[in-house]
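Below is one structure; the comments refer to it alone.
Any read-out appearing in this document is the output of simple, stated calculations on the displayed coordinates, not a laboratory observation. Please read all numbers here as calculations on a predicted model, not as lab measurements. Here the Cβ positions follow ideal geometry from the backbone for every residue, glycine too, while neighbour counts run over all protein chains shown.
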Amino acid sequence: MGEKIETGELKKWQHDLDEVLLRAPDQVRGVVQRAAFQIKKDAQSRVRGLKHAPVYPYAISYDTRELAGPTFVAEIGPDKQKRQGALGNILEYGTVKNPPRPHMAPAADAEKPKFERALGDLAARLLEEP
């Protein structure tokens, strides 16, 4: 016997978020930009003070853009064109000689519930308006 998963609430939540995107794309863009900024700042704070990578935190940046739909995406992480930016994978995942210093994934994990709450609050406000 398999388990039954009820998707009705999930589909309703997705419909509500789609409606919010159509009604208030600028506000959704703001929520995405705020989350990206928070992830960047959190990741920077998690790797600050490394003697062998003192400027690496300043290589972490973010960029947001709008795709068709409208859909908003954010790319957050070290810019390899910036000084020490190429150390991102080495620091995040480690090497044979260096232990990992996770900073991007934990920062994203910490922001996820806040991001979801902000989108939910925005949806609730907009869907209550006539």
>> Can you give me the angle between helix 25-46 and the longest principal axis of the chain, using Cα atoms only, in degrees from 0 to 90, rounded to the nearest 10?
In response: 30
> For the chain, what ratio Rg/Rh do Cα atoms give with a Kirkwood hydrodynamic radius?
Replying inline: 1.10
>> Tell me the mean residue ellipticity at 222 nm calculated for the chain from its helices only (DSSP H runs of n ≥ 4, each -39500 (n - 2.57), averaged over every residue, nearest 500).
In response: -18000 deg cm²/dmol
> If R0 is 30 Å, what FRET efficiency do you get for ALA124 and VAL96 from their C-beta distance, rounded to 0.05?
Replying inline: 0.05
> Under a 5 Å amide H to amide H cut-off, with H placed in plane at 1.01 Å, what residues pair with GLY94 once short-range neighbours are removed?
Replying inline: ARG101
